[in-house]
Amino acid sequence: MKTDRRTFLKIASAASASPYARAASLRTQDTYPNLAAVQLAYKKAGIISPEKTYRTMEWEFQMPPQETFDLINLEAAMKASRDAGSENLMLYTQGHWGYALYPSDCAVRQPHLDYDLFGTEVSLARKYGMSATAYYSLQANEQCIISHPDWA
């Protein structure tokens, strides 16, 4: 017996172990999702609903090569971000100057940065209950232009 695509997908998703598939299989007889059951399944699986709105704060380190990182109190700044209601931080791994803010064998490191700034920020974000999003500048990268002027 040949099965149509919709029936196949219903059977496949119901048999799957993924939390999304389990949530999709929690439907009432009229084929509408049982919202309470879906929300419970997502909560148990640790899935954050795409309908949730986040307060995201961007931490921008667009620092020229002569700048130092000595005066930045990351711990205090992280606490202030959390206290301001931030749930997620967008953290720079590399800004438009083209300097990596993390250890790298191939990227140009920020000349006055002697530790893993990005890694420290991510660890502190987690410590204070916030998630982190990595920002990496692909459009503008001063170091690439210096190394490859024809790319400019």
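The values are calculated or read from the model by the stated rules, or taken from the named source; none is laboratory data. Since the structure is predicted, the reported quantities are computational estimates derived from the model, not experimental observations. Neighbour counts run over all protein chains shown; Cβ positions are idealised from the backbone, glycine included. Side chains included, ligands, DNA and RNA excluded: accessible areas come from the protein's heavy atoms. Shrake-Rupley method; radii C 1.70, N 1.55, O 1.52, S 1.80 Å.
Okay, here's what the table says:
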read-out: Set I11, I48: member being at pLDDT below 80, open to solvent by 80 Å² or more (accessible area, probe 1.4 Å), closer than 25 Å to Y136 by Cβ and hydrophobic (A, V, I, L, M, F, W, C); value: I48
read-out: Those residues of segment 121-136 which are open to solvent by less than 50 Å² (accessible area, probe 1.4 Å) and out of contact with any Phe, Trp or Tyr (no Cβ under 8 Å at 6 or more places or on another chain), in sequence order; value: V122, L124, A125, Y128, M130, A132
read-out: Residues located in segment 65-88, provided they are open to solvent by less than 30 Å² (accessible area, probe 1.4 Å) and in contact with a Phe, Trp or Tyr (Cβ under 6 Å, 6 or more places away or on another chain); value: M78, N88
read-out: Output for segment 91-115, where each listed residue is more than 19 Å from S147 (Cβ to Cβ) and exposed (fewer than 15 other Cβ atoms within 10 Å of the Cβ); value: P103, H112, D114, Y115
